[in-house]
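Following: one structure in structure tokens, then a few remarks.
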Amino acid sequence: MIDEALLKQVIASVLGVPVETIGPDASSDTIPGWDSLKHMNLVLALEQTFGVEIPDEDAAEITSYALIKVVLQDLVVD
Amino acid sequence: MSLRQGSGVCILGVGHHLAGVVEENEELCRNLDVTPEWILEKTGIKRRYLAAPEDTASAFAVKAAQRAMAGAGVAADEIDMIVACTFSADYTFPPLSAKVHKEIGARGGQIFDLQANCAGFVSGLTAASDRMTVDPSVRNALVIGVELNSRYIDRTNADSVIYHSDGAGAVVLGRRDGGAGVVASAFHTDSSNYEAVRVRGGGSSFPVMGRSGPAETDVMELNGLATWKQAITHLPAVVKAALRKADAELADVDFFVFHQANYNLIDYIVRKMGADLSRTYTNVQEIGNTGAASVAIALSEAVERGLIKPGQTVVLAAVGAGFNFGASVWRWVPTNVAGEG
């Protein structure tokens, strides 16, 4: 299981928004400023924080909290 | 793993030429609803180089080619193949490579133009080096990337105008012993976003003769989001595929030269592959995106600055409209540049 509090903290920090705004429905459609530049920084920050390598085919697609969680859960070794 | 031996087909000389009109972000933004700071933040680009009305793609190509030939110490009568990578040739036909052949005074041999947009130069290098590998009668090849992007860009359309410049880069391929030269290449195509980056006008569906198409068919249309998604998905993958063919790993690469489309994208790609910007060279901040010329110009400048050394493992990689992707792995040999322009 991934640490969801930590995940929300990383996403909020990279996107420059309050952590309270990162709920289950958070996505690039609901958070202004979640653009391609911030998304690249987010992918790299997630890799560094959780010690994983996000597959290239997933990197551009994980544009919501829910999708990030699904991909990270597959990658994080308990 | 240890890097395989090279084919012996090597890059012996490099050269480039940039357009003479420099346009800073501040000047460009007078006609746009974006700011210089926004362009800098999103792309890293500070300025562009634009062709004057009298400039031609072939003249740019010839200047870059002559510098590469001078650096390599290869004369026109020793060039048996010319590949010009461009979408913006002087004419629809004959090929721009034929004009270069005429202007440099080459004799005989093979010429062709190659159109793979911004991945064109990497594709052209592989086409030429593969020909040289199988045909010893091809002594040297000239591979040129040249683009006059500005002739296809609406200067009030921020989607495309903030990125693009005009210029040319060239290399001379020749043979050396000792396991140097091109080791492997890999390519990939994802055509699902075929329409994302395009110039329709002048193609046979929107012919110049009896022009009836809407005005937007005459200019470059660019979907930045689709391009970005394609690049971050497939560019690292094609680099890794080329390295696998070369029996090498990312850690074995001393230096990367990427297509110069967006500084932030290059920063992401190198970091995603476990490297950092010290193992690559970027000039997109200073000259923008020169299309098929971009890798060639960046390579020429990197050599000129002494950033690539003999014996090093070098990867060239690019993404082009379509979308198509290419990467090649090289064992570097001493390479000369005869000066920029």
Quiz prompt | Residues B:TYR152, B:TYR194 arranged by fewest to most Cβ contacts within 10 Å | solution = B:TYR194, B:TYR152
Quiz item: Across peptide A:29-40, what mean number of C-beta atoms from other chains lies inside 10 Å of a residue's C-beta?
Solution: 3
Practice problem: For an R0 of 45 angstrom, estimate the FRET efficiency from the Cβ-Cβ distance between A:ASP74 and B:PHE206 and round to the nearest 0.05. | Solution: 0.50
Exercise. Find how much the distance from B:ASP177 to B:ARG279 grows on full extension, using 0.36 nm per residue of separation minus their present alpha carbon separation; answer in nm with one decimal.
Key: 34.1 nm
Quiz item: So, how do all the Cα-to-Cα distances of segment A:1-72 break down into 5 Å bins, in percent, from 0 on up?
Solution: 3, 17, 35, 30, 13, 2
Quiz item: Sorted from fewest to most neighbouring beta carbons within 10 Å, what does the list A:VAL19, B:VAL146, B:VAL161 look like?
Solution: A:VAL19, B:VAL161, B:VAL146
Exercise. Filter the trypsin sites (Lys or Arg not before Pro) in segment B:170-237 to those in DSSP coil with at most 14 other Cβ atoms within 10 Å of their Cβ, and list the result.
Key: B:ARG211
Self-check item: Calculated P(r) tail over 26 Å for the protein assembly as shown, as whole % of Cα pairs
Solution: 54
Quiz item: Stretch B:ASP77-B:ASP154 to full length: gain in nm at 0.36 nm per residue minus the Cα-Cα span?
Solution: 23.6 nm
Quiz prompt | Normalised per residue, the volume of the convex hull around the Cα set of segment B:1-50 (Å³) | solution = 143
Exercise. Please give the length that would be gained between B:ASP33 and B:SER137 if that part of the chain were fully extended, namely 0.36 nm times their separation in residues minus their C-alpha to C-alpha distance (nm, one decimal).
Key: 31.9 nm
Practice problem: Could you sort out which of B:LYS102/B:LYS245; B:LYS42/B:LYS245; B:LYS240/B:LYS309; B:LYS245/B:LYS309 sit more than 32 Å apart by Cα distance in this structure? | Solution: B:LYS102/B:LYS245; B:LYS42/B:LYS245
Quiz item: Which whole-angstrom value gives the distance between the alpha carbon centres of segment B:144-211 and segment B:90-130?
Solution: 13
Exercise. Please list the non-local residues whose amide H lies under 5 Å from the amide H of B:GLY201, H modeled 1.01 Å from N, same-chain partners needing a gap of 5 or more.
Key: B:ASP218, B:VAL219
Practice problem: Send over the per residue convex hull volume for chain B, Cα only, as a whole number of Å³. | Solution: 125
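Which value, in debye to the nearest 20, describes the size of the charge dipole of segment B:97-249 about its Cα centre when Lys and Arg Cβ atoms bear +1, Asp and Glu Cβ atoms bear -1, and nothing else is charged?
440
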Quiz item: To the nearest 20 debye, what charge dipole does chain B have about its Cα centre, counting +1 at the Cβ of each Lys and Arg and -1 at the Cβ of each Asp and Glu?
Solution: 820
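Since every read-out is calculated from the coordinates, none of them should be taken as a lab result. What you are looking at is a predicted structure, and each value in this text was computed from that prediction instead of being measured. Because the Cβ atoms are built from the backbone with ideal geometry, glycine has one as well, and the counts that use them run over all protein chains shown.
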